Amino acid sequence: MLMLMEYLLERVESHDMEVVLVQAWLIWNQRNRVVHGGKFHDPRWLNNRAIEFLEEFRTASLLMGPAHGGQSFRDTWQPPPPSIFKLNFDAALFSALNKSGFGAVIRNEKGEVMAAMAAKGPELPSLTCEVDSTSGIYYERG
């Protein structure tokens, strides 16, 4: 598999490779959905969804970049000790889009990915935030 990836990375434009990788993820996701009793999507859905997914990702990346209050990536990931797996996870709120999402990755001591996932979270309700310095933050649905 690694040789195939290296071969493709040398010959395929990066944008096209991103689409291929998202398609592979969607196929795997669809397989899991069907195996666990979910609905099978028409295969014609795949290409459109892959491109749509990448556009959503790019939009969110622009909105959530460091200039917009997003996380700074100065920390360097450190592998776990031998025979231990490390779980890293994160969630994001895209208030401009009323969306949320989360993801996780499990790596071994060599930094190799053992498992990974990403998913859309629930739509965000309209919230009003009030901060009280003595007892915390209160949210109220708008």
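The values are calculated or read from the model by the stated rules, or taken from the named source; none is laboratory data. Nothing here was measured: the structure is a model prediction, and the numbers come from that model. No Cβ is skipped: glycine too gets one built from the backbone with ideal geometry, and neighbour counts run over all protein chains shown. Heavy atoms of the whole protein, side chains included, go into the accessibility calculation; ligands, DNA and RNA do not. Shrake-Rupley method; radii C 1.70, N 1.55, O 1.52, S 1.80 Å.
Listed by chain and number, the lysines whose alpha-carbon sits under 27 Å from that of K39, ignoring those within fewer than 8 places in the same chain, are K99, K120. Here the gap between L97 and S83, fully extended at 0.36 nm per residue and compared with their Cα-Cα distance, gives a gain of 0.9 nm. Annotation: per residue accessible area for the stretch 11-57 equals 75 Å², rounded to a whole number [probe 1.4 Å, protein chains only].
Between L62, Q23, G38, the Cα set farthest toward the positive side of the dipole of the stretch 22-64 (charges on each charged residue's Cβ, about the Cα centre) is that of G38. Site pair Y7 and V20 shows an inter-label distance of 1.0 nm when each label is modelled 7 Å from Cα along Cα→Cβ. Karplus-based coupling profile of the stretch 14-29, in residue order and whole Hz: 4, 4, 5, 5, 4, 5, 4, 5, 5, 4, 4, 5, 5, 5, 4, 4, with θ = phi - 60° in 6.51 cos²θ - 1.76 cosθ + 1.60 and x standing for Gly or Pro. With the simple model of a label 7 Å out from the Cα in the direction of the Cβ, T59 to D42 spans 2.3 nm.
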